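Structure first, commentary second.
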Amino acid sequence: MAVDDNKDRDKILATVVYATTLFFKEHPGKQVVFTGSTAQRTRLYRMAISVNLVELSTEFHIYGLLKDMESYVILPFQKGLDYFGFLVKRKKV
């Protein structure tokens, strides 16, 4: 992952949200599971979700993935937990 003092961070995150929104328009009822390519990138996603949780929650159900031995647990996203991945579903309109 290239590091340039996070100058492109907001642009990258906006692109991720935009792409996810387009995906859900084409594939209603599906879900998206994602994680960062590094622990730092996953942390960036977690922080961005935390900061924007109220706004994102109006359109999406957001869950965090926690490791549990050989498997994982899916929980409604809560600030402060160290998730290794995320699951997003679009709310029905």
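The values are calculated or read from the model by the stated rules, or taken from the named source; none is laboratory data. Nothing here was measured: the structure is a model prediction, and the numbers come from that model. Using ideal geometry, Cβ is built from the backbone for each residue, glycine included, and neighbour counts are taken over all protein chains shown.
Can you tell me which of T15, T20 is under 14 Å from the mean Cα position of the chain (by Cα) and in contact (Cβ under 8 Å) with a residue 60 or more places away in the chain?
So the residue among T15, T20 that is under 14 Å from the mean Cα position of the chain (by Cα) and in contact (Cβ under 8 Å) with a residue 60 or more places away in the chain is T20.
Name the single residue, out of those in the stretch 1-33 being closer than 20 Å to Y83 by Cβ and touching a strand residue (DSSP E or B) at 6+ places or on another chain (Cβ under 6 Å), that is modelled with the lowest pLDDT.
The qualifying residue modelled with the lowest pLDDT is T20.
Here is a yes/no grid of residues against (1) in contact (Cβ under 8 Å) with a residue 12 or more places away in the chain; (2) over 18 Å from V17 (Cα atoms):
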{"residue": "L44", "(1), (2)": "yes, no"}
{"residue": "V54", "(1), (2)": "no, no"}
{"residue": "E59", "(1), (2)": "yes, no"}
{"residue": "Y63", "(1), (2)": "yes, no"}
{"residue": "L66", "(1), (2)": "yes, yes"}
{"residue": "M69", "(1), (2)": "no, yes"}
{"residue": "V73", "(1), (2)": "no, yes"}
{"residue": "K79", "(1), (2)": "yes, yes"}
{"residue": "V88", "(1), (2)": "yes, no"}
